[in-house]
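Enquirer: Dumping the structure here so I can ask a few things about it.
The values are calculated or read from the model by the stated rules, or taken from the named source; none is laboratory data. Note that the structure is a prediction, hence the values are computed from the model and not measured. Cβ sites come from the backbone with ideal geometry, for glycine too, and all protein chains shown count toward neighbours. SASA here: full protein model, heavy atoms, side chains in, ligands and nucleic acids out. Shrake-Rupley method; radii C 1.70, N 1.55, O 1.52, S 1.80 Å.
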Amino acid sequence: MSVRFLLDGEIVEITDVDPTSTILNYLRYRLRRTGTKEGCAEGDCGACTVLLGELDEGAETMRWRSVNACILFLPMLDGKALLTVESLAVDGKLNPLQACMAENGSSQCGFCTPGFVMSLYGRTIGASGHDLPVADVVAGNLCRCTGYGPILAAGDGIGKLSRDDQPTMVALREMAETACAGGVFEDRRWFAPRTPEALAGLLAAHPDARIIAGATDVGLWVTKGLKTIETMVFIGNVAGMKAIVEDEAGVTLGAGVPYADAHAAFSRLHPDLGELVRRIGGLQVRNAGTIGGNIANGSPIGDGPPALIALGAELTLCSTAGRRTMPLENFFLDYGRQDRQPGEYVESLWIPRPAPQDIIHISKLSRRFDSDISAVCGAFALTVENGLIVRARIAFGGMAATPCRASGCEAALVGKPFAAETIASGTIALAGDFSPITDVRGTATYRAEVAANLLWRLWYRAQGEDISVLALESSHG
Amino acid sequence: MAECDPALRIAAKPSNAHDSARLHVSGAAGYVDDGAEPIDMLHLAFGQSEEAHARIAHMDLSAVRAAQGVVAVFTAADIPGANDVSPVAKDDRLLADGEVMCVGQALFLVVATSQRAARQAARLARISYEPRAACLTIAEARASSSFIEPTQRMARGDARAALSAAAHRVSGGFDIGGQDHFYLEGQIAIATPGEDGQVHILSSTQHPSEIQHLVAAMLNLSSADVTVEVRRMGGAFGGKETQAALFAAAAALAAHLTGRPTKFRCDRDDDMIITGKRHDFRIDYDVGFDDQGHILGLQLRLASRCGATVDLSPAINDRAMFHVDNCYWLPDIEIVSERLKTHTVSNTAFRGFGGPQGMLAIERIMDEVAAFLGRDPLDVRISNLYGPGRNVTPYDMVVADNIAPEIIARLRREGRYDERAASIEAFNAGSAILKKAIALTPVKFGISFTTTHLNQAGALVHVYADGSIQINHGGTEMGQGLYIKVAQVVADVFAVPVSQVRITATRTDKVPNTSATAASSGADLNGMAAHNAAMTIRDRLTAFLAQTFACAESEVAFAADGVVAGKEKLSFADLARRAHMGRISLSATGYYATPGIAYDRSTHKGRPFYYFAYGAALAEVAVDILTGEHRVLAVDIVHDVGRSLNPAIDLGQIEGAFIQGQGWLTTEELMFDAKGRLLTHSPATYKIPTASDRPRHFRISLWQDENLEPTIHRSKAVGEPPFSLANCVFSAIGRAIAAISPEKRSLPPLNAPATPENILRAVRGYRD
């Protein structure tokens, strides 16, 4: 199969593409652009950060996004524009950001540096996530030498840089007309449908196909599991899958919406949900990883599902046989098993907007605040009327084989006064809801203890206590 | 010695950026993996042990050999010479020979046409093991008296009697976790066969000479047949001091046996499983003290998990003992150091080399004493500092350069310690869930390899006839800015801009028999060696000028605007050209050996260190007692760099070391399962700090008084000492937990790292 993309404004066409080869390996070992580094080959260190540019739906505007080239499959480049660290200097003259970093001690060993350059460059040109603070933009970039200060200072010191994307958009529009619909390499097949109908048809014909959205999970099957994936259906080009529709009742998100794109809408639903999204992966992961993928892979420690379940989200699946809509919690059947029938795909998610008086509380607990996976993620949605809890939806990740509701705890709260005694009885009921396991992210004891404490945290917050160390300032003032 | 001429320092601006900064930011800095691959290059992967301790009954490698892309599979039987990649004890096998000692140990070497093919094939082996009893933890190894060397004892006076006589006595203990280096560039080597059996190795290593020697012995070659080269590493931190040899030797073996260039680029997860880490420790103490908190007697046991082989563990554990005193006078003391052999990966050098664990132990004891007496921990620390009449270390070295009291006083004042401690007390009184604390801890770090013969270095300086200068030395560049510091030293000698000095890759064929770039010694040793080489050339030029222009040598001066000889003035380039025409040698080697150090390991007495580097740090943290989450809110540092060779580079070292130390004590947790398998073998599960973990308030002041000892330009080493500044974070977290019961006179049972789970456990333990 072949792939065409735009590199520094020039169209590059590559043939004989192995669909599970990565963009990083192509850059390093075929194109010999070795500025982009492999630090981990699993999307966790950001040394391979590049910028991908694509037209928005409607093709009137375009957007750059930072991504981890180490776990993106080469066909995902098709029809897109690519910038690497080598793209920035013009005639040997460093870009102002690069010059600032060079003068500012932003590099020591230099191995992570190209990744930081690309993340920060994205921020200067208005790429996805550009409105985030610098520390959030580079949360997916690890540096082991500098302690980050000179990198953050460089990022803060550089304002917007101008970039004329008109030629890129023209070229992208031209390429869109001849986009690759898929191809074959040895025993591997890659499909890139453009319409929901084509997608449904492909999945009906290939029920065993692996659906690829952002590849932030499946990429590791290849780079770490060394697996061969035979049939892949890439949904990134399917019309409508990236739609976000907000109204008074709630938000509808296409399954292909990357987390980064949903961040603002989630924040508007509730600030806790926005904060949760901020802490899902690094920006590169949120730029690739999708809402649908985070749900469809069924991880018991996926960050989105507990919060979405507590908020009462509904999931819609689609196939040639039609649509099914279900409460999100019903989708998760057991560890590694979801209620997705052969030929079905996750089409969209609807999240109702919480009522202003609802008490919403979402907490993610992990060893590290940024770019980590939950030990426990707890989400609470309580409706209190006249001092009584009339409705409670409580869901946890990390406490069971699937993200799921704490039904015993909910039952212990509903109908009771919103009072410390009720919270105390809720924590007792909660202990009966789950038998968490001990694993690398936490012991069963810790999980059970903090799950209960998160209910207390909700209570203390309702009493006006500060509840997060993240909000504190030092006594230096 | 190399005194800095202030006039010359004008020529080379001290705060030059890192020599490769512009290459780093443009992606043009070349690392081992960045060169073009020859079309016949082969790629390597290890088959790894799945057992912690076992005899290998049988290795069925038929499926490996038959796998697509596989060119060859080698086992220990294929090694022509010594099957050894160890630094000292000759006990690290390149490929397992009958027995495996830890999970991940290399069993066989797959040689294939691609990295992926090699890795895939390596998983196809069918290995029959006869498992043997494995001890995995410090406790298990202690129970079965499993040691890599005899337990060491460092003592002075009569600790037992002093403990009995002391007014107060407290005993306690805690665990200190290990740490993965997490250099961003993983282990990698390329070996290229040369003519007549020679081999050239590009390796990401801190110790090219050691790899040269090991590869020569492994292939039955002479050292002269093996050349090892490294231009730069993508981070190392001690993890490429001995650990790079395994990969380089594997590449050399495959190149030797196949006659083709080979590359071993280790996958991140494999790297984390296969390579050694910082030692984890169990600390137990019994301390006696008076009403003011003066420590009178201390019995301390340091037990560390060394892993399956010796590696550098003896020296690392020695350094832990050397740093138990930190900045404190401990009159009657007994330190017992157990070096435990376990069936886990052999632990190795990591920035600080045991020192941080020793210092953390005594800081914990200071906190313990303060808690017992209900006194401010800083006051207890200050009352125990070395001072006149109480300035001899437990190993009998006089602390001649003690500036800790002044550094602490300055930090206390500038960091507003007392004022903030009061405001934090008020905050805690009004906050049920979030508790804050501050802590100020000092650092005194001994500079020199404690293995005395390692304290030597060589350099090679060429002046070309156009006036450009090329330097080479035995030190390696891992990001620490060694190359630019040495380049500045050389530029200073000739009073030329540093841009006129070309820094070249470290190679064993240019400077032989080098020590590892380790122990923070890089600039001290190589800077002085390069200075000496440059001075040799300058002396020749001075004599040439005096003769040419008929003036006295004292009338020759090298200055930023040119070289003066009597009444003549000429550019350095002109001088170089004339000297070449005048048949003056413009190339010289330089050599340096640290003077004045001597240490008797059998008694643990002597002067192992040339001097000490000092510092102090003040951290403010907040802890959430419901979840165990914490945040470092502010850090203030005063750190001693002597008369800095390059303040910008030094500041970078201090900040980077602090954050690395903070990670060690907070988010970075190594976990093994009951079979000895590392569970945290990727950045998905092993969490080094991210940008947001850096406290928003982070202020570093340099203490720039000149070194008492005549080091290069009276500077001080800076690589390792600031790592232990982060001990204040651990102290502060403990103190914040203690704020839940201010009336208690004890410490929360906190272990390092202070993960949310460990903090919550300490909260629970403190309440009970």
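Enquirer: Any residue in the range A:440-461 that's more than 7 Å from chain B (Cβ to nearest Cβ) and in a helix (DSSP H, G or I): show its pairings with residues that are surrounded by 18 or more Cβ atoms within 10 Å (Cβ to Cβ) and among the polar types (S, T, N, Q) at Cβ separation under 6 Å, as long as the two are six or more apart or on different chains.
Expert: Sorted first by the residue in the range A:440-461, then by its partner, the pairs are A:Ala452/A:Thr427; A:Leu454/A:Ser363; A:Leu455/A:Thr427.
Enquirer: Return the residue satisfying two criteria in turn: it lies in the range A:55-78 and is of a type outside the set (A, V, I, L, M, F, W, C), outside any strand (DSSP E or B) and surrounded by fewer than 24 Cβ atoms within 10 Å (Cβ to Cβ), and of such residues it is farthest from the other protein chains (Cβ to nearest Cβ).
Expert: Out of the qualifying residues, it is A:Gly58.
Enquirer: Here's a check for you: in the range A:134-158, which residue that is hydrophobic (A, V, I, L, M, F, W, C) and not in a helix (DSSP H, G or I) is farthest from the other protein chains (Cβ to nearest Cβ)?
Expert: Taking the candidates together, the pick is A:Ile158.
Enquirer: Return yes or no: is B:Pro442 touching a Leu at 6+ places or on another chain (Cβ under 6 Å) and outside the structural domain of B:Val511 (by TED's automatic domain parsing)?
Expert: So B:Pro442 does not fit the description; no.
Enquirer: Could we say that B:Gly596 is out of contact with any helix residue (DSSP H, G or I) (no Cβ under 9 Å at 6 or more places or on another chain), farther than 30 Å from A:Ser374 by Cα, in contact (Cβ under 8 Å) with a residue 12 or more places away in the chain and away from chain A (no Cβ under 14 Å) here?
Expert: Here the answer is yes, as B:Gly596 does meet what is asked.
Enquirer: Follow-up. Identify, please: which residue in the range B:729-768 is among the small types (Gly, Ala, Ser) and under 18 Å from B:Ile283 (Cβ atoms) and is, among those, nearest to the other protein chains (Cβ to nearest Cβ)?
Expert: B:Ala754
Enquirer: Across the range B:580-600, what is the total count of residues that are of a type in the set (Gly, Ala, Ser), more than 30 Å from B:Tyr395 (Cβ to Cβ) and in contact with a strand residue (DSSP E or B) (Cβ under 8 Å, 6 or more places away or on another chain)?
Expert: Going through the range B:580-600 one residue at a time, the tally reaches 3.
Enquirer: Still on this structure, please answer the following. Taking the options B:Cys306, B:Cys327, name whichever one is under 23 Å from B:Phe612 (Cα atoms) and in the same structural domain as B:Gly355 (by TED's automatic domain parsing).
Expert: Answer to the check: B:Cys327.
Enquirer: Could I ask something else about it? Could you list, in sequence order, the residues of the range B:683-696 that are facing chain A (nearest Cβ under 7 Å), in a loop (DSSP other than H, G, I, E, B) and open to solvent by 10 Å² or more (accessible area, probe 1.4 Å)?
Expert: B:Ala684, B:Thr685, B:Arg694
Enquirer: Among the residues of the range B:232-273, write down those that are in a helix (DSSP H, G or I) and either among the polar types (S, T, N, Q) or without any contact (Cβ under 8 Å) to a residue 60 or more places away in the chain (or both).
Expert: Once the filter is applied, which keeps residues that are in a helix (DSSP H, G or I) and either among the polar types (S, T, N, Q) or without any contact (Cβ under 8 Å) to a residue 60 or more places away in the chain (or both), the range B:232-273 yields B:Ala244, B:Ala248, B:Thr258.
Enquirer: Would you please list the contacts, defined by Cβ atoms under 7 Å and residues six or more apart or on different chains, that run from a residue in the range A:206-229 that is more than 16 Å from A:Asn297 (Cα to Cα) and within 11 Å of chain B (Cβ to nearest Cβ) to a residue that is of a type in the set (A, V, I, L, M, F, W, C) and open to solvent by 40 Å² or more (accessible area, probe 1.4 Å)?
Expert: Short answer, once both residue conditions are applied: A:Lys227/A:Trp221.
Enquirer: Can you pull out the residues in the range A:79-95 that are away from chain B (no Cβ under 11 Å) and either closer than 25 Å to A:Asp261 by Cα or in a helix (DSSP H, G or I) (or both)?
Expert: Residues satisfying the conditions are A:Gly79, A:Lys80, A:Ala81, A:Leu82, A:Leu83.
Enquirer: From the list B:Gly566, B:Gly656, pick out the single residue that is touching a Cys at 6+ places or on another chain (Cβ under 6 Å), within 9 Å of chain A (Cβ to nearest Cβ) and either surrounded by fewer than 18 Cβ atoms within 10 Å (Cβ to Cβ) or within 22 Å of A:Arg144 (Cα to Cα) (or both).
Expert: B:Gly656
Enquirer: Are any of the residues in the range B:697-707 surrounded by 23 or more Cβ atoms within 10 Å (Cβ to Cβ), touching a residue at least 40 places away in the same chain (Cβ under 8 Å), away from chain A (no Cβ under 12 Å) and in contact with a strand residue (DSSP E or B) (Cβ under 6 Å, 6 or more places away or on another chain)?
Expert: yes
Enquirer: Ok, one more. From the list A:Gly115, A:Gly105, exactly one residue is at pLDDT 95 or above, more than 26 Å from A:Gly219 (Cβ to Cβ) and either open to solvent by 10 Å² or more (accessible area, probe 1.4 Å) or not in a loop (DSSP other than H, G, I, E, B) (or both). Which is it?
Expert: On inspection, the qualifying residue turns out to be A:Gly105.
Enquirer: Additional query: If I filter the range B:368-399 down to residues being buried (at least 24 other Cβ atoms within 10 Å of the Cβ) and in contact with a Ser or Thr (Cβ under 8 Å, 6 or more places away or on another chain), which single residue comes out as farthest from B:Asn317 (Cα to Cα)?
Expert: Checked the range B:368-399; the qualifying residue farthest from B:Asn317 (Cα to Cα) is B:Pro377.
Enquirer: So for the range A:118-127 (the condition being in contact with a Pro (Cβ under 7 Å, 6 or more places away or on another chain) and open to solvent by less than 30 Å² (accessible area, probe 1.4 Å)), does at least one residue qualify?
Expert: Checking the range A:118-127: not a single residue is in contact with a Pro (Cβ under 7 Å, 6 or more places away or on another chain) and open to solvent by less than 30 Å² (accessible area, probe 1.4 Å).
Enquirer: Shifting gears a bit: Among (1) of a type in the set (S, T, N, Q); (2) closer than 30 Å to A:Val218 by Cβ; (3) within 14 Å of another protein chain (Cβ to nearest Cβ), where does A:Thr124 come up short?
Expert: Exception for A:Thr124: condition (2).
Enquirer: Give me the pairs: first residue in the range B:114-126 and within 7 Å of chain A (Cβ to nearest Cβ), second residue open to solvent by less than 10 Å² (accessible area, probe 1.4 Å) and assigned to a helix (DSSP H, G or I), beta-carbon distance under 6 Å, and six or more apart or on different chains, which are they?
Expert: Matching pairs, first to second residue: none at all.
Enquirer: Among the residues of the range B:281-302, which ones are crowded, with 24+ Cβ neighbours inside 10 Å and within 30 Å of B:Gln187 (Cβ to Cβ)?
Expert: B:Phe281, B:Leu302
Enquirer: Here's a follow-up. Please find, among A:Arg32, A:Arg4, the residue that is part of a strand (DSSP E or B) and either crowded, with 24+ Cβ neighbours inside 10 Å or of a type outside the set (A, V, I, L, M) (or both).
Expert: A:Arg4
Enquirer: Out of curiosity, is B:Glu185 open to solvent by 20 Å² or more (accessible area, probe 1.4 Å) and in a loop (DSSP other than H, G, I, E, B)?
Expert: So B:Glu185 fails the test.
Here's the yes/no breakdown for (1) crowded, with 24+ Cβ neighbours inside 10 Å; (2) within 18 Å of A:Ile295 (Cα to Cα):
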position: A:Gly378; (1), (2): yes, yes
position: A:Thr383; (1), (2): no, no
position: A:Ile389; (1), (2): no, no
position: A:Arg393; (1), (2): no, no
position: A:Ala400; (1), (2): no, yes
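Enquirer: Just to confirm my filter: which strands (runs of 3 or more DSSP E) fall fully inside the range B:575-622 and include at least 3 residues that are open to solvent by 40 Å² or more (accessible area, probe 1.4 Å) and either among the small types (Gly, Ala, Ser) or farther than 30 Å from B:Val496 by Cα (or both)?
Expert: Strands (runs of 3 or more DSSP E) meeting the threshold: B:598-600.
Enquirer: Of the residues A:Gly274, A:Gly281, A:Gly304, which single one is free of Cβ contacts under 8 Å to residues at least 24 places away in the same chain and not assigned by TED's automatic domain parsing to the domain that holds A:Asn141?
Expert: Just one listed residue meets the conditions, A:Gly274.
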